[in-house]
1. If I histogram all Cα-Cα distances within segment 110-244 using bins 5 Å wide from 0, what percent of pairs lands in each bin?
2. Order of 87-93, 69-75, 377-383 by packing, highest average Cβ count within 10 Å first?
3. Please list the non-local residues whose amide H lies under 5 Å from the amide H of D426, H modeled 1.01 Å from N, same-chain partners needing a gap of 5 or more.
4. Amide H neighbours of T367 under 5 Å, counting only residues 5+ apart in sequence or on other chains, H built in-plane at 1.01 Å?
5. Defining a contact as two alpha carbons under 8 Å apart and six or more residues distant in sequence, what relative contact order in percent does the chain show?
6. Carbon and sulfur atoms: what percent of the 1.4 Å accessible area of the chain do they account for?
7. Among the aspartates and glutamates, which have Cα under 12 Å from the Cα of K93 when same-chain residues fewer than 8 positions away are ignored?
8. Reachable lysines from K13, Cα under 23 Å, same-chain residues fewer than 8 places away excluded?
Amino acid sequence: MDEKKKELFYEPKNGYDLMDAAERLACEDYCRGYMAYLDAARTEREAVRKAVKLAEAAGFVSDDGLTGPIQPGQKVYHVNRGKSLLLAVGGKKPMSEGFVVEAAHVDAPRLDLKQRPLFEESEMGYLRTHYYGGVKKYQWTAIPLELHGVAALKDGSVADIVIGRDPGDPQFVITDLLPHLAADQMQKTMAKGVEGEKLCVLAGSVPYAGEGKDRVKLAVMSLLNDRYGITEEDLISAELEVVPAFDVRELGLDRSLIGGYGQDDRVCAYAQLAAIMGLETPERTAVCILADKEEIGSVGVSGMRSQAFERFVEKLIGGTCSVQESFSNSFCLSADVTAAFDPMYPEVSEKQNAARINYGVGLCKFTGSRGKSGSSDASAEVVAYVRRICAEAGVVWQMCELGKVDQGGGGTVAQFMADRDIDTLDAGVPVLSMHAPFETTSKFDCYMTYKCMKAAYEAK
Ligand code: MN
Ligand code: MN
């Protein structure tokens with residue numbers, strides 16, 4: 001009977017029972033690179049900038065000079081408005097036979113400063129925020145925060161602003177009530193306990209010398225002016241993101257886990273990037289996208305729904321076929337994280353189909369919610385294709401779905417790639433505490449996601 005079970009049943013295995021010593025070293029090595037990237041990429045702009053640096057070191061050049069179709073082995077990149085990155089490595093086959101595209105996103109939940117953020121209340125200076133993406137607001141109080149972004153000035157120049165990353169820099173905080181006085185607050189639901197308009201960042205407390213009102217506000221503005229030459233009106237055309245100040249760290253006594261902010265979805269962005277940077281000349285042209293705006297619906301000029309993708313592909317094709325013909329023969333891995341089964345909250349998952357920590361890259365046939373709504377629902381043939389390339393490349397993978405039926409759900413860029421007539425499957429790293437200021441992944445799963453991305457690019 002045991003033999004019959006072995007022959008007929010499918011039983012996923014813990015990755016640590018499958019890895020040899022050499023692979024463990026390769027896994028550690030890969031994760032070191034990922035952790036350094038994550039630490040340096042606190043915003044979508046920084047994630048793109050850092051990725052360009054790595055890509056240039058790996059031989060990629062701007063697509064500005066690209067005329068005619070991309071040549072086998074040619075490596076180009078295009079930055080879309082500083083917030084999204086497209087890279088390609090020319091394949092042996094022409095673009096009419098399709099390409100392999102991997103799409104991750106580099107935006108992450110955060111608190112954006114409002115356009116008129118600065119105010120003073122009871123001689124304390126504050127910055128008002130409007131949260132971006134799905135956050136549990138209470139998680140953003142009483143933790144160290146940093147400010148990253150830009151202020152675009154009327155003269156066309158752009159001031160880069162980073163406060164809190166340098167060890168000598170001050171940081172910020174959003175205060176919360178002490179438990180002694182929180183009797184009323186504690187009666188509220190977690191959704192209402194901390195309200196959006198209360199997420200104001202404490203920015204200073206020393207008044208400007210002199211008489212009159214708004215002296216602390218003036219002192220804070222004056223410090224910003226000293227450091228960046230900006231005025232209050234300049235903040236109107238600024239994009240300043242309040243992000244957690246936590247360093248990326250190994251977690252657990254065995255150091256098997258990674259803790260850090262923004263792993264959704266920079267963990268998959270880095271996996272794709274590392275995979276495409278290692279390519280010589282693949283069979284089909286390899287395309288890597290680090291998209292923006294996924295957390296608010298993949299909208300806007302830098303989101304995955306933007307025609308900027310068509311424009312880039314058109315350039316790679318160089319007039320040899322239509323974009324639509326190329327799309328219809330292409331394959332996409334939508335590389336986004338999935339929810340890892342949390343033993344502390346088993347009730348939200350259906351264990352047999354939930355992603356498990358250390359069981360490898362999570363493949364999702366569908367995402368969405370309420371009866372797969374908002375999902376591209378990959379075909380059986382596409383799933384079989386990915387099973388095959390993973391098997392050939394020794395990728396440890398698991399099939400999973402995000403939460404039990406009708407518990408909630410979530411989407412990715414997959415549907416927007418499938419809308420373009422590109423066969424698409426979701427694949428990514430299972431994450432604990434997704435969308436929290438400090439998210440947790442497993443090194444093994446990060447490494448296997450990289451191997452999966454590599455296998456898809458290198459598929460014959
Ligand atoms: Mn995501
Ligand atoms: Mn997300």
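1. 2, 10, 18, 22, 19, 14, 8, 4, 2, 0, 0
2. Numbers: 87-93: 22.6, 69-75: 17.7, 377-383: 14.3.
By packing density, highest mean first, the sequence is 87-93, 69-75, 377-383.
3. Under 5 Å from the amide H of D426 lie the amide H atoms of S334, C364, each far enough along the sequence or on another chain.
4. Amide H to amide H, under 5 Å and 5 or more residues apart or across chains, T367 pairs with S376, D377.
5. 22
6. Numbers: 11140 of 21410 Å².
Summing carbon and sulfur atoms, their accessible area is 52 percent of the total for the chain.
7. E283
8. Within reach: K4, K5, K351, K365, K404, K443, K451, K454.
The values are calculated or read from the model by the stated rules, or taken from the named source; none is laboratory data. All of these numbers come straight from a predicted model, not from anything done at the bench. Cβ atoms come from the backbone with ideal geometry, glycine included; neighbour counts cover every protein chain shown. The area values use the complete protein model at the heavy-atom level, side chains included, leaving out ligands, DNA and RNA. Shrake-Rupley method; radii C 1.70, N 1.55, O 1.52, S 1.80 Å.
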